[in-house]
Each structure stands twice: as C-alpha cells, then as structure tokens.
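Working notes, beginning with the structure itself.
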Amino acid sequence: MSQESQASAEQPPVEQSPVEKPVGDVEAFKDAAECLRTLAHPVRLRVVQLLLHGRYTVGELASDCEIPDNVASEHLRLLQRCGFLDSERDGRRVYYRVAEPHLNQLMACIEGRFLGVNRELDSDD
C-alpha cells in the first residue's frame, strides 16, 4: 500500500452535516391521515372540486354526482367533520363551500396527475 493510501485509510471519515429534518413526527400526522382518508373517495373529491368553483346545495351536488340526496349529505358531513367545508343557510336552502383554502392546491395536484388538467393557482394559494 502506498503512503498516500495508507494515510487516507487511517483518517477518520469526514462527518457530513446533518440534514435539517422537517417539523413533525408520525404522531403529528394522525389527523392528517384521517382527513386524507376522508378525501380518498371519488364522490368526495368531485364535491370538493365543484365547491372550489362556487357554493352548492346538497341537491345540486347529489345531482352532479348522480347519488341520492341523503348519501350526498353524509359525504358533506364527513368533509365538514375534517374542517374542509362549511355551510350557510340562505332562506330554506343550505349552501356548502370550501373552508380549507389548501384544498385548492391539493385539487390542482390531483387534476394535473389524474385528469391532465394544468391550471394556474392564484398567488394566494
């Protein structure tokens, strides 16, 4: 072995600076995982997509998704429970709308990946 290779073999390995880890741990992601499971349904994804473009009643959402009103109501309840939606009464009608602004970015990702839609996000998103 040459002197140079012998010297390098005796040197301790160069320590790499640790990579800064992002904030969070597995426990912190439990709520996120639960809410993502709630979103992981084709009807609920379509409902979110529609509501990102305006407010709708249960009947309007049910008609678009081709499901009974009571089934649409259950999907809306689950989405509200995660804080994704809220509702407002206007006379006898109840309108639903998106309460979680980050859904816009998530839906843009889903549309781009699975629908081939590339849309520009507002600078607020």
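The values are calculated or read from the model by the stated rules, or taken from the named source; none is laboratory data. Keep in mind that what you see is a predicted model, and the values were worked out from it rather than measured. Here the Cβ positions follow ideal geometry from the backbone for every residue, glycine too, while neighbour counts run over all protein chains shown.
Within segment 32-89, work out how many residues are among the basic types (Lys, Arg) and touching a helix residue (DSSP H, G or I) at 6+ places or on another chain (Cβ under 9 Å).
In the first step, residues of segment 32-89 are kept if they are among the basic types (Lys, Arg); the result is 37, 44, 46, 55, 77, 81, 89.
With the extra rule that they be touching a helix residue (DSSP H, G or I) at 6+ places or on another chain (Cβ under 9 Å), the set shrinks to 44, 46, 81.
Final tally of qualifying residues: 3.
Taking the criterion of being more than 25 Å from residue 92 (Cβ to Cβ), in a helix (DSSP H, G or I) and of a type in the set (Val, Ile, Thr), the only residue of segment 24-47 that qualifies is 38.
The single condition among (1) surrounded by 14 or more Cβ atoms within 10 Å (Cβ to Cβ); (2) in contact with a helix residue (DSSP H, G or I) (Cβ under 6 Å, 6 or more places away or on another chain) that residue 117 does not satisfy is (1). Is it the case that some residue within segment 92-105 is exposed (fewer than 11 other Cβ atoms within 10 Å of the Cβ) and more than 16 Å from the chain's Cα centre (by Cα)? So far as segment 92-105 goes, yes, one or more of its residues are exposed (fewer than 11 other Cβ atoms within 10 Å of the Cβ) and more than 16 Å from the chain's Cα centre (by Cα). Highlighted here are the helices (runs of 4 or more DSSP H) found entirely within segment 49-125 that include at least 2 residues which are out of contact with any strand residue (DSSP E or B) (no Cβ under 6 Å at 6 or more places or on another chain) and over 25 Å from residue 32 (Cα atoms): 58-65, 69-81.
Of 7, 40, which residue is at pLDDT below 90 and of a type in the set (Gly, Ala, Ser)? Give the steps one after another, and end with the answer.
Numbers: 40 fails: at pLDDT below 90.
Testing whether each residue is at pLDDT below 90 and of a type in the set (Gly, Ala, Ser) leaves just 7.
Taken as a whole, the structure leaves residue 38 outside the set of residues that are among the polar types (S, T, N, Q) and over 13 Å from the mean Cα position of the chain (by Cα). Here residue 79 passes the criteria (1) crowded, with 17+ Cβ neighbours inside 10 Å; (2) over 10 Å from residue 96 (Cβ atoms); (3) of a type in the set (A, V, I, L, M, F, W, C) except the one numbered (2).
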